[in-house]
Amino acid sequence: MTRTEIEQCEICPANPNAKLLHLGAKIDGSDHIVALAGNPNVGKSTIFNQLTGLRQHTGNWPGKTVTRAEGAYVYDGKRYKVIDLPGTYSLLSTSTDEEIARDFILFGRPDVTVVVVDGTRIARNLNLVLQILDITDRLVVNVNLVDEAKRVGLSIDGRALARELGVPVVLTAARTGEGIPHLLHEIANLASGKVFTKPFRFVTTSKHVQRGVEQLSQLIQKAYPAIPNTRWIALRLLEGDQSIIDAIRHGELGLLATTGRRDEHVAVEGAGDERTQ
Amino acid sequence: MNGRSDTPNKSILAVANALRWEIGEGLHDSVTADLYREAERIAGVVTARSGKGQRLDLDRILDRILTSRAFGFPTMFLLLALVFWLTIEGANVPSALLSTLLVDQGHPFLKSLSAAFGVPWWVSGPLVDGTYLAMAWVVSVMLPPMAIFFPLFTLLEDFGYLPRVAFNLDFLFRKAGAHGKQALTMAMGYGCNAAGIVSTRIIDSPRERLIAILTNNFALCNGRWPTQILIASIFIGVLAPPYLAGAVSALAVVAVVLLGIAFTFLVSWMLSRTILRGTASTFSLELPPYRPPRILHTLYTSLIDRTLIVLWRAVVWAAPAGLVIWLVSNISIGGVSLAAHVVQSLDPLGLLIGLNGIILLAYVIAIPANEIVIPTLLMLTVLFHGIADVGTGAGVLFELDSPAAVADLLHAGGWTLLTGINLMLFSLLHNPCSTTLYTIYRETGSVKWTLLSALIPLVIGFTVCFFVAQVWRIVVGV
């Protein structure tokens, strides 16, 4: 190919990478904030590297990322800041790394949260997805490691999963970069509001709990009309989650009230921690 | 926040409290069970299993060997020994090449260059003889072993071996009253103790996290390997016939690593029975699937993320240290250099524990970075014993082409096999570097724990060296 041909390919609209520009660690002045969540050891850091062009070290063991890493990219003219959160099994925040992840999704309110899911362990990983769906509706589910799933003889129906969960689902094999253009596309659609989600909200089977949640979430709704996830907060209160109780006592719950764009500083200072080598 | 009074917040909390009593204790379990059931159902709908996976079987066979009661520990030991042996054997040639280039040729070149431009000695001395040579030394001694060790370690990590190590060691940590995940933070400590301290965030219980922080220093960090490897090859390797020297040196380093692990357990056990009393909490550790490491990618990231970052730190600290060495050697009080004063006053204590004053002074100068212990030692030895024909003047970090030359020099400086062994022990058992101490302070927010984490290994180091020296003198009689 001649040089001009290559240049033409790079700007062709059919080439999804034409719209992508890695920004590495240059994170100032972003249009949208994207959080990467997921269980430990599902390839979040690999996805993070693929999006930002950074080469953060990845390791094959749970607990590799204990602090937040931040990076950025430009896609289709918009700047995205990506935050790689520590891997967690749940949002119950029992250790520092889990707390960092949860506080960011709750109080940092990213424009899009990408939950990375291990394609070989869908059932176990979906626990976390269902919990995050209860907090935010701006969610993309990214089933990663589909190459590994294929090797162990598992096939995953992304469309069926999207139907079940009511949010976009993208299948990727991040180690080889497969599916990343699709992921970029879905993130952009959700961030710009081109796509709406109808998140699946799981219902507890216990009538007792249902009534309690109902009663409490009505009270919260009245006090904070703009909060989108009152049911989840009610459930956490019933479970006696100390950090949510504190958030209500100190009035921080109001931070959850506004949807859409919020002050950049709130998001940036969400869990306040820099990376340490 | 939005100008509301506290009343709705208080009533929400009151209602929540009342409802919590009404619903009772089973809430968490019932919600969790609901979540799991729902997740199972969805997973069932969207996944299909076709035939039997080949790789799962292979994973199982590997796990049966690598985590078995009989073979788990021997394989761990062998892999460790293999990695060290490759590092020691492989690093010799490139080390010599770099030393020729940076020290034998680079240093005279810079000297003649500064002479040509008429730079006065009190400028070229600290800059070229102090700062440049210290940096050149650190690069030629450290770069080759690190460029071999880190990729090997990273390959094991990417393959998925580390969680298996944690699994193997878990029951020992539990017996010591510590958290099983401490095996992982310990593994991080082999790269860098400061990174190991940060990684203790994966431990839920504050008590067990403190134990992991206080004992992380017993994981030999990369800044201390060059010391271990060099001393092992010139004092212990030479005891064996030449074709076995590499293997014997590697085994000596492995022995020190294992001793560090033993101290990790011992100190954890003592802490959990005294000032950090409590029982070990349970946790679940996922054994991730084995993944074929991508060799080229691993080489790249381990070179950039680990080797170069660590090397950069060493070079940055070597520069001021080189300057300090030059200064303490060239500033005299009453006709005797500052270094000589300090070494003389430290000598009695040093000799009592089988070391010497020079080694103790080197460890004081090297508090910012363990990497510069060896260059500092050699320079001070030359200076203090007035050995001629090596180096080019007071406070000059000089060139030594081979471990044999280093050995000759150290023997001339009064070193014995005991000094070598005790230096290896002291290199394992002394205070963490200043970066690590600062990290400990930041993570714990407590001066008390920071001080304790420096004192515990220091006291152990002095005690162990003292006893080894006494026993040695009784048995060997030197």
Of everything in segment A:240-261, what is of a type in the set (Asp, Glu), open to solvent by 20 Å² or more (accessible area, probe 1.4 Å) and modelled with pLDDT under 80? Give them in sequence order. A:Glu252
Select from segment A:152-194 the residues that are closer than 30 Å to B:Arg60 by Cα and of a type in the set (Gly, Ala, Ser) and write down the one among them that is most open to solvent (accessible area, probe 1.4 Å). A:Ser155
Filter segment A:78-137 down to residues that are touching a Pro at 6+ places or on another chain (Cβ under 6 Å) and open to solvent by less than 30 Å² (accessible area, probe 1.4 Å), then give me how many there are. 5
Do any residues in segment B:310-324 that are over 14 Å from B:Ser434 (Cα atoms) and of a type in the set (Phe, Trp, Tyr) have Cβ atoms under 8 Å from those of residues that are crowded, with 19+ Cβ neighbours inside 10 Å and at pLDDT below 75, where the two are at least six apart or on different chains, and which pairs are they? none
Can you find a residue that is in contact with a Ser or Thr (Cβ under 8 Å, 6 or more places away or on another chain), open to solvent by 50 Å² or more (accessible area, probe 1.4 Å), at pLDDT below 85 and not in a helix (DSSP H, G or I) anywhere in segment B:400-415? yes
Give all pairs with beta carbons closer than 7 Å in which a residue from segment B:1-15 that is facing chain A (nearest Cβ under 7 Å) and closer than 10 Å to A:Gly251 by Cα meets a residue that is open to solvent by less than 80 Å² (accessible area, probe 1.4 Å) and at pLDDT below 50; count only pairs at least 6 apart in sequence or on separate chains. B:Asn2/A:Ala257
Taking segment B:148-202 and the residues there that are more than 12 Å from every other protein chain (Cβ to nearest Cβ) and among the aromatic types (Phe, Trp, Tyr), the one that is nearest to B:Ala70 (Cα to Cα) would be B:Phe171
One residue from A:Lys44, A:Lys26, A:Lys19 being charged (D, E, K, R), open to solvent by less than 40 Å² (accessible area, probe 1.4 Å) and either within 15 Å of the chain's Cα centre (by Cα) or modelled with pLDDT under 80 (or both): A:Lys44
Determine the pairs where a residue that is under 28 Å from A:Ala174 (Cβ atoms), located within segment A:184-206, has a partner that is among the charged types (D, E, K, R) and open to solvent by less than 30 Å² (accessible area, probe 1.4 Å) with Cβ atoms under 7 Å apart, the partner being 6 or more residues away or on another chain. A:Ala191/A:Asp111; A:Phe202/B:Asp34
Report yes if some residue within segment B:126-138 is in contact with a Phe, Trp or Tyr (Cβ under 7 Å, 6 or more places away or on another chain), modelled with pLDDT of 80 or more and over 27 Å from B:Cys221 (Cα atoms); otherwise report no. no
Sort through A:Glu164, A:Glu148 and tell me the only one that's part of a helix (DSSP H, G or I), closer than 29 Å to A:Gly53 by Cβ and facing chain B (nearest Cβ under 9 Å). A:Glu148
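Residue-by-condition table, conditions (1) farther than 21 Å from B:Val15 by Cβ; (2) away from chain B (no Cβ under 11 Å); (3) small (Gly, Ala, Ser); (4) open to solvent by less than 50 Å² (accessible area, probe 1.4 Å):
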| residue | (1), (2), (3), (4) |
| --- | --- |
| A:Phe196 | yes, yes, no, no |
| A:Arg201 | yes, no, no, no |
| A:Ser206 | no, no, yes, yes |
| A:Val209 | no, no, no, yes |
| A:Glu214 | no, no, no, no |
| A:Gln218 | no, no, no, no |
| A:Pro228 | no, yes, no, no |
| A:Ile233 | no, no, no, yes |
| A:Leu237 | no, no, no, yes |
Anything in segment B:173-196 that is under 21 Å from the mean Cα position of the chain (by Cα), in a helix (DSSP H, G or I) and closer than 14 Å to B:Thr279 by Cα? List them, or say none. B:Phe173
Has segment B:183-200 got at least one residue that is over 21 Å from B:Phe153 (Cβ atoms) and either touching a residue at least 12 places away in the same chain (Cβ under 8 Å) or open to solvent by 10 Å² or more (accessible area, probe 1.4 Å) (or both)? no
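The values are calculated or read from the model by the stated rules, or taken from the named source; none is laboratory data. Only a predicted model underlies this, so the values are computations on that prediction, with no experimental measurement involved. Ideal geometry is used to build each Cβ from the backbone, glycine not excepted, and the neighbour counts take in all protein chains shown. Side chains are part of the model used for accessible areas, which takes the heavy atoms of the whole protein and leaves out ligands, DNA and RNA. Shrake-Rupley method; radii C 1.70, N 1.55, O 1.52, S 1.80 Å.
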